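The values are calculated or read from the model by the stated rules, or taken from the named source; none is laboratory data. None of the values given here were measured: they were computed from a predicted structure. Cβ sites come from the backbone with ideal geometry, for glycine too, and all protein chains shown count toward neighbours. Please note that ligands, DNA and RNA were not included when accessible areas were found on the heavy atoms of the full protein model with its side chains. Shrake-Rupley method; radii C 1.70, N 1.55, O 1.52, S 1.80 Å.
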Amino acid sequence: SPAGRGVELAAKSQTANRITETRGDKRFNITLLVVLGAFSVSVLYPLIYVISASLSETSAVTSGEVWLFPIGFSTNAYTAVFESPLLFRSILNSLFYAGMVIAIGTFATMAGGYALSRRDLPGRNLLTFAFMITMLFSGGMIPTYLVVRDLGLLNTVWSMILPGAVSVWQLIISRAFFSQTIPHELLESAKMDGASDFTFFFKVVLPLSVPVIAVNMLLYGVTTWNAYFNGLIYLTDEELYPLQLAMRNILVQNTFDPAKMAGVDPTKIAEMQAIAGKLKYALIVIASIPPLLAYPFVQKHFVKGMMIGSVKG
């Protein structure tokens, strides 16, 4: 009967799989599991240690007693972060900078990538080449600083937003995505129905481009959230510091300057000085939360957009 033949074929298939797995295959699989296990431990251990250190007693952290799990339990480092005007303000600043770059950068990248993908754009290959040149050769830090200074952006929020608002690499990825996903015949059909270029872009192109939009939003957001170098050279007002720059100062100095914390209770300042070594772990945990929360929601679109946009340029 057909059912009996199916069972027989399944049994033969399982037997064939057992026969083809040699000792060399088994050794390779075991080696692979060991290597992947060691890699997983090397990735997970620092994360567990940082979380444990941020929740342990201050004395246990400073004395080096924390190795894996928390010793005692204390959230005073997190309390100090949110009670410090400068640190809490730096978190809000980073959220603002990341949000603005996501909005401006994603829109500019989508618009530019779509324009470069249009076959009827005069000189589109020359324009693409001109953009790609900037990926290989840049003006350098000093000319860029002079441009930012002459534009009057120094020590303003725009110095953290505009210089990194458009990534050429993401622009090329978006161009490739549009070239493969949005056929020219679709544009011709829309124009026959009376749609303008702007109508076609906003009502047809963007709804079909969710994967590459997710790619751009995630990359712009994570890059801006983790950036500190622009703040280091463009900002002097600590009220404008992003979280990464504030965290860098704590990691480098490992202390607080009470003179820069006017208006804060002296008792709180003394507590923050005492837990300065522990505070850096709490800041690392806080800085890691937004990317970890955002990635699961865009993972599906991120993988699809990267694959489609990187197959052909």
Item to check | Spin-label proximity, residue 193 to segment 206-232 - amide N less than 17 Å from point 7 Å beyond Cα toward beta carbon | outcome: 206-209
Checklist entry - Using the heavy atoms of the protein chains alone and a 1.4 angstrom probe, what is the accessible area of segment 153-213 per residue in square angstrom? => result 50 Å²
Checklist entry - Given a Förster radius of 25 Å and the C-beta distance between residue 111 and residue 146 as r, what FRET efficiency does 1/(1 + (r/R0)^6) yield to the nearest 0.05? => result 0.35
Checklist outcome for this item: Loop-resident chymotrypsin sites (Phe, Trp or Tyr not before Pro) in segment 96-166 with no more than 14 other Cβ atoms inside 10 Å, DSSP not H/G/I/E/B, are 137
Checklist entry - In sequence order, what are the phi-derived ³J(HN,Hα) couplings for segment 58-68 according to the Karplus relation 6.51 cos²θ - 1.76 cosθ + 1.60 with θ = phi - 60°, rounded to whole Hz, with x for glycine and proline? => result 4, 5, 5, 6, 5, 8, x, 7, 7, 10, 9
Checklist outcome for this item: Among trypsin sites (Lys or Arg not before Pro) in segment 93-143, those in a DSSP loop whose Cβ has at most 11 other Cβ atoms within 10 Å are 119
